[in-house]
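The values are calculated or read from the model by the stated rules, or taken from the named source; none is laboratory data. As the structure is a prediction and not an experimental result, all values here were calculated from the model. Neighbour counts are summed over all protein chains in view; Cβ atoms, including those assigned to glycine, are modelled from backbone coordinates with ideal geometry.
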Amino acid sequence: MLQLPDSPRVRTLASLEESYEFCRQITAKYSKTFYLGTLLMPEAKRRAIWAIYVWCRRTDELVDGPQAAQTTPETLDRWEQQLESVFAGHPLEDPDVALVDTLERFPQDIQPFRDMIAGQQMDLYRSRYETFEELNLYCYRVAGTVGLMSTAVMGVDTTYRTAPWDRNTPQGPIEEAIALGVANQLTNILRDVGEDARRGRIYLPLEDLALFNYTEQDLFNGVVDERWRGLMRFQIQRARKFYAQAERGISRLSPDARWPVWAATGLYSQILNAIESNQYDVFQQRAYVRGPRKLMCLPVAWLRSKAL
Ligand SMILES: CC(C)=CCC/C(C)=C/CC/C(C)=C/CC/C(C)=C/[C@@H]1[C@@H](COP(=O)(O)OP(=O)(O)O)[C@]1(C)CC/C=C(\C)CC/C=C(\C)CCC=C(C)C
Ligand SMILES: Nc1ncnc2c1ncn2[C@@H]1O[C@H](COP(=O)(O)OP(=O)(O)OP(=O)(O)O)[C@@H](O)[C@H]1O
Ligand SMILES: [Mn+2]
């Protein structure tokens, strides 16, 4: 029979296998850290995280990627409609096929996904944050939400009790999951200060700059002095508090999720140590964790997942 040429409307979507394979490849390509983390999970959870990763990445690309200049609030509205279609079980594009399957296997609320879109939207019209409270909202939206989505996949330990008399197991370590996302995002912000400044963006709260007598102009000039180091010490300390909060939640996750989460936490938080080793110069040097140290994280994380 004569085949119609490929046209977007009549073309059939990718198969489930193809769609998950695509998600795997994108995750592996864009984030060595998260990909490594997912390899420590059971197959079904691993694939689900890949599907969610790709949706997050695509959302981020709308405001940060090559076509970002054409992105308007309407683009994001359409993206949200596409999301609703996915939640209703109707994929519109190839990567959605895996996400529909993931949401069937690991049912979850649409709100964190909507919040993520709202967070990316903030990047369209904001390039400054006055207070930490404002920055925290941004961090919740673009990263805390990832903690919620991932927790729905990884699952909570149903036998966990804070105390024998505490019969009402709370819904799960929600605050802790958000905290890990926020900690990651704060780390990302500290590592990328220079790169963001070159795009005219400052994520560090302006109230914190003022506290250390450091000006926007200093930041654009990449001034590294005692004021800057004081400011960075303060930011790193804050990020570490979020990691500490997050760590208290890991033992409440289902046992097979603890190792990957400890590993991802260890890998990401070490970027803060790398910034310290670089004497807080995030303008000239990119802080990253060296291969051997990355590898060391795995057995350390495994021990923590069993012992804590
Ligand atoms: C109880 C408890 C501790 C539970 C654990 C919950 C958990 C697994 C939390 C993890 C949260 C997490 C991985 C947050 C990621 C935050 C992040 C990196 C966000 C990225 C934003 C960066 O913005 P920016 O524009 O500054 O950066 P770029 O220069 O563009 O890179 C995002 C890009 C938003 C989109 C997020 C992603 C693409 C990452 C999604 C990651 C996952 C789904 C993997 C989850 C990982 C594991 C190991 C389960
Ligand atoms: N030494 C380096 N100098 C400059 N850029 C680097 C260096 N090492 C890694 N990168 C770049 O930094 C980004 C993150 O790299 P890396 O593989 O270390 O972490 P990742 O886990 O993939 O990323 P993420 O931190 O976003 O999860 C990549 O785009 C990579 O090309
Ligand atoms: Mn981005």
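Quick notes on this one:
- In region 254-273, the residues that are among the acidic types (Asp, Glu) form Cβ pairs under 7 Å with partners that are more than 7 Å from ligand 1 (Cβ to nearest atom) and modelled with pLDDT of 95 or more, at six or more places apart or across chains, as follows: 256/41; 256/42.
A quick yes/no check of all residues on (1) over 14 Å from residue 283 (Cα atoms); (2) at pLDDT below 95; (3) within 15 Å of ligand 3 (Cβ to nearest atom):
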| position | (1), (2), (3) |
| --- | --- |
| 174 | yes, no, no |
| 177 | yes, no, no |
| 184 | yes, no, yes |
| 187 | yes, no, yes |
| 208 | yes, no, no |
| 215 | yes, no, no |
| 218 | no, no, no |
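- The set of residues in region 237-251 that are of a type outside the set (Asp, Glu) and either surrounded by 19 or more Cβ atoms within 10 Å (Cβ to Cβ) or within 16 Å of ligand 2 (Cβ to nearest atom) (or both) comprises 239, 242, 243, 246, 249, 250.
- Test: residue in region 22-33 that is among the aromatic types (Phe, Trp, Tyr), more than 16 Å from ligand 2 (Cβ to nearest atom), outside the structural domain of residue 148 (by TED's automatic domain parsing) and closer than 18 Å to residue 105 by Cα: no
- Of all residues in region 13-62, those satisfying the criterion of being within 16 Å of ligand 3 (Cβ to nearest atom) and of a type in the set (D, E, K, R) are 29, 57, 58, 60, 61.
- The single condition among (1) surrounded by fewer than 18 Cβ atoms within 10 Å (Cβ to Cβ); (2) at pLDDT 95 or above; (3) within 15 Å of ligand 3 (Cβ to nearest atom) that residue 65 does not satisfy is (2).
- Per the listing 196, 192, 256, 218, the residue uniquely over 28 Å from residue 306 (Cα atoms), more than 8 Å from ligand 1 (Cβ to nearest atom) and surrounded by 13 or more Cβ atoms within 10 Å (Cβ to Cβ) is 218.
- Enumeration of residues in region 257-271 that are away from ligand 2 (no atom under 12 Å from the Cβ) and farther than 11 Å from residue 246 by Cβ: 257, 258, 259, 260, 266
- Residue 97 away from ligand 3 (no atom under 16 Å from the Cβ), crowded, with 19+ Cβ neighbours inside 10 Å, outside the structural domain of residue 258 (by TED's automatic domain parsing) and more than 21 Å from the chain's Cα centre (by Cα): yes
- Index of the failed condition, residue 147 passing every other in (1) at pLDDT 95 or above; (2) under 18 Å from residue 64 (Cα atoms): (2)
This table checks each residue for (1) within 16 Å of ligand 1 (Cβ to nearest atom); (2) touching a His at 6+ places or on another chain (Cβ under 8 Å); (3) farther than 23 Å from residue 151 by Cβ.
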site: 246; (1), (2), (3): yes, no, no
site: 251; (1), (2), (3): yes, no, no
site: 264; (1), (2), (3): yes, no, no
site: 281; (1), (2), (3): no, no, yes
site: 288; (1), (2), (3): yes, no, yes
site: 291; (1), (2), (3): no, no, yes
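- Only one entry in 59, 33 is near ligand 1 (Cβ under 9 Å from one of its atoms) and buried (at least 20 other Cβ atoms within 10 Å of the Cβ), namely 59.
- Qualifying residues in region 62-77 (those that are within 12 Å of ligand 1 (Cβ to nearest atom) and of a type in the set (A, V, I, L, M)) - the one nearest to residue 124 (Cα to Cα): 63
- Listed by position, the helices (runs of 4 or more DSSP H) inside region 64-157 whose residues that are out of contact with any Asp or Glu (no Cβ under 9 Å at 6 or more places or on another chain) and closer than 28 Å to residue 205 by Cα number at least 2 are 73-87, 111-125, 132-139, 145-154.
- Of all the criteria given as (1) part of a helix (DSSP H, G or I); (2) closer than 27 Å to residue 301 by Cα, the one not satisfied by residue 41 is (1).
- Restricted to region 93-135, and to residues there that are touching a residue at least 12 places away in the same chain (Cβ under 8 Å) and among the polar types (S, T, N, Q), the residue that is nearest to residue 151 (Cα to Cα) is 108.
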